[in-house]
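Below is one structure, written out as structure tokens; the observations come after it.
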Amino acid sequence: MADTPTNPFELMMTQAREMAKAMNPALESFTPKGFENLWPTMPKEMMEFMFGNAVNTEGLDAKTRLLLTLAGLTMQGALADAAVRQTVRHAVEAGARKQEIVETIGHMAVFAGIPAMTRALEIARSVLPDTEDDET
């Protein structure tokens with residue numbers, strides 16, 4: 001009985017893990033990062049068609065939309081790691097440079113605070129490509 005959690009949230013999580021393990025043993029080792037790998041980065045052309053200015057020629061391009069999305073995720077405290085990583089990957093694919101990504105996140109420090117900015121930068125740097133010409 002000593003291993004049984006007393007906190008209701010911990011108890012719920014333990015029960016959920018046991019249920020997932022009983023239904024599908026592979027779910028026992030499932031991680032959100034593993035789920036993230038199921039969604040590859042979209043090609044820039046597809047992003048322009050879906051999110052960019054392919055239909056609305058006077059509208060925002062995909063890169064700008066993704067930088068705005070990154071700003072919004074930072075404003076929320078960068079709590080959704082997978083969403084930040086995916087947005088950074090997609091922004092790079094859409095043509096955003098490391099400097100633009102870092103500036104977008106850094107600008108949010110004024111509105112979201114230093115901790116949110118720092119967290120978003122840590123997440124972004126984990127997926128930004130290492131290039132000599134665009135150091136941040």
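Find all pairs meeting these conditions: Cβ atoms under 9 angstrom apart; at least six residues apart or on different chains; first residue within the range 82-107 and among the acidic types (Asp, Glu); second residue assigned to a helix (DSSP H, G or I).
As it stands, the answer is 93/44; 93/47; 93/62; 93/66; 100/63; 100/67; 100/91; 103/67, since those pairs meet every condition given.
Mind checking which residues of the range 72-95 are part of a loop (DSSP other than H, G, I, E, B) and surrounded by fewer than 21 Cβ atoms within 10 Å (Cβ to Cβ)?
Those that are part of a loop (DSSP other than H, G, I, E, B) and surrounded by fewer than 21 Cβ atoms within 10 Å (Cβ to Cβ): 76, 77, 79, 80, 95.
Looking only at the range 109-120, count how many residues are surrounded by fewer than 21 Cβ atoms within 10 Å (Cβ to Cβ) and free of Cβ contacts under 8 Å to residues at least 40 places away in the same chain.
7
Of the residues 57, 69, which single one is under 20 Å from residue 102 (Cβ atoms), free of Cβ contacts under 8 Å to residues at least 24 places away in the same chain and in the same structural domain as residue 112 (by TED's automatic domain parsing)?
Result of the check over 57, 69: 69.
Within the group 4, 14, 31, which residue is exposed (fewer than 10 other Cβ atoms within 10 Å of the Cβ), modelled with pLDDT of 65 or more and either under 28 Å from the mean Cα position of the chain (by Cα) or under 30 Å from residue 93 (Cα atoms) (or both)?
Sole residue among the options that is exposed (fewer than 10 other Cβ atoms within 10 Å of the Cβ), modelled with pLDDT of 65 or more and either under 28 Å from the mean Cα position of the chain (by Cα) or under 30 Å from residue 93 (Cα atoms) (or both): 31.
The values are calculated or read from the model by the stated rules, or taken from the named source; none is laboratory data. Every value quoted in this text rests on a predicted model; they were computed, and no experiment measured them. No Cβ is skipped: glycine too gets one built from the backbone with ideal geometry, and neighbour counts run over all protein chains shown.
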